[in-house]
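**Student:** Pasting a structure below so you can have a look.
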Amino acid sequence: MSAQNKQRTEDVSEMATSFGFEAVKEGEKQPKVNKVFHQVAERYDVMNDLMSGGMHRLWKDAFVAWLNPPQRSTKPFKLLDVAGGTGDISFRVIERSRRTAHSTVFDINGSMLAVGKDRAKENGLIDYLDFVEGNAEELPFEDNSFDAYTIAYGIRNVPRIDKALREAFRVLKRGGRFMCLEFSDVDMPVLDKAYDLFSFNAIPAIGDMVTGDRESYEYFVQSIRKFPNKARFKLMIEEAGFKQVTYRAMSGGITTMHSGWKL
């Protein structure tokens, strides 16, 4: 079976033992993912630009616009930004809130967090942020702590996605919002073939040429194809307890925003 014809995961438990298209043993995925992100941390923006043609910046802007954090509040809007190491989403939320929000940037990878801290200092935003290292499957926060939970292009790297979603539900306040931005299944007949050709052929080659790291880019492309489709992931969010779950596909389904509420 060619790489382009690999099927998306239907049995989501497979994600815990799937490192891209490679089957791994229980417990092996997370260390392998960690290694990839240690390797690419300093080149993370380059990676995203290569994989999306620079479109990830517009997608993230749209994602934060849909979140629409309040600009005036008697208490700071508390965001938990999971897998948010380099700060892309948190910085946007703080600026859109006119610097009234406070974000806890949470990531399992210390190298990514170090990049985010440096950027926060450079941008004068460090006072609005906390940086915490840990696992999305076992959040070190109390129940009902946050107004919103965001995860952008990170949930497909979590071995037990269902557990991470339940943790998201637990730490959100009643009335809190879960939002996820993730690459998805392309739903336009011509675009899907062009996207596959670009992804499996061009992205690893460009990654090798620009960064000298072909394997990491191959993993990123493969992990996108293994992630459940939009409808299946919507069902997973609902199974975690969220209500009014919806999604918005962008760029022909290349990426999708998911939203749910703890009611």
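**Student:** Where the centre of each part is set by its Cα atoms, how far does segment 192-263 sit from segment 42-105, in angstrom?
**Tutor:** Between the Cα centres of segment 192-263 and segment 42-105 lies a distance of 18 Å.
**Student:** Another question about this same structure. Full-extension gain between N68 and D192, please, as 0.36 nm times their residue separation minus the C-alpha to C-alpha distance.
**Tutor:** Result: 41.6 nm gained on full extension.
**Student:** So how far apart, in nm, are the two label points at K243 and V210 if each is 7 Å from Cα heading toward Cβ?
**Tutor:** If labels sit at K243 and V210, their model points lie 4.4 nm apart.
**Student:** Let me have the relative contact order for segment 73-136, percent, based on Cα pairs under 8 Å that are six or more residues apart.
**Tutor:** 37
**Student:** If amide H atoms are built 1.01 Å from N in the plane of the peptide, which residues on other chains or at least 5 residues away come under 5 Å of the amide H of N109?
**Tutor:** For N109, whose amide H was placed from the backbone, the distant partners under 5 Å are G134.
**Student:** Please list, in order along segment 234-249, the HN-Hα scalar couplings obtained from phi with the Karplus expression 6.51 cos²θ - 1.76 cosθ + 1.60 (θ = phi - 60°), rounded to whole Hz, x for Gly and Pro.
**Tutor:** Result, ordered by residue: 4, 4, 4, 5, 5, 5, 6, x, 6, 10, 6, 7, 9, 8, 10, 7 Hz.
**Student:** Any idea what the relative contact order of segment 110-238 is, in percent, if you count C-alpha pairs under 8 Å spaced at least 6 apart?
**Tutor:** 21
**Student:** For a protection proxy built on the mean count of beta-carbon atoms within 10 angstrom, sort 242-253, 81-92 highest first, please.
**Tutor:** Ranked from most to least packed, the peptides come out as 81-92, 242-253.
**Student:** Of K163/K243; K163/K234; K60/K226; K234/K262, which sit over 19 Å apart, Cα to Cα?
**Tutor:** As for pairs spanning more than 19 Å Cα to Cα, those are K60/K226.
**Student:** Here's a follow-up. Report Rg(Cα)/(2.2 N^0.38 Å) for segment 72-156, keeping two decimals.
**Tutor:** In units of the 2.2 N^0.38 Å rule of thumb, it is 1.01.
**Student:** Right, something else. With a ≥ b ≥ c taken as the square roots of the eigenvalues of the C-alpha gyration tensor of segment 192-263, please select rounded if a/c is under 1.5 and otherwise prolate if a/b is larger than b/c or oblate if it is not?
**Tutor:** The shape class here is prolate.
**Student:** Heavy atoms of the protein only, probe of 1.4 Å, neighbouring chains included. What is the accessible area of R99 in Å², nearest 10?
**Tutor:** Near enough 90 Å² of accessible area.
**Student:** Shape of segment 111-228 from its Cα gyration tensor (a ≥ b ≥ c, root eigenvalues): rounded if a/c is under 1.5, otherwise prolate when a/b > b/c, or oblate?
**Tutor:** oblate
**Student:** What is the extension gain from E95 to D61, computed as 0.36 nm multiplied by their sequence separation minus the C-alpha to C-alpha distance, in nm to one decimal?
**Tutor:** Stretched out fully, the E95 to D61 stretch lengthens by 11.1 nm.
**Student:** Would you work out the charge dipole size for segment 159-263 about its Cα centre, treating the Cβ of every Lys and Arg as +1 and the Cβ of every Asp and Glu as -1, and quote it to the nearest 20 debye?
**Tutor:** Computed charge dipole of segment 159-263: roughly 860 debye.
**Student:** Taking 0.36 nm per intervening residue step and subtracting the Cα-Cα distance, what contour gain separates N201 from D130 on full extension?
**Tutor:** 21.7 nm
The values are calculated or read from the model by the stated rules, or taken from the named source; none is laboratory data. Worth saying up front: this structure is predicted, and the values here are computed from it rather than measured. Cβ: placed from backbone, ideal geometry, glycine included. Neighbour counts: every protein chain shown. Just the protein is used for accessible areas: all its heavy atoms, side chains included, with ligands, DNA and RNA removed. Shrake-Rupley method; radii C 1.70, N 1.55, O 1.52, S 1.80 Å.
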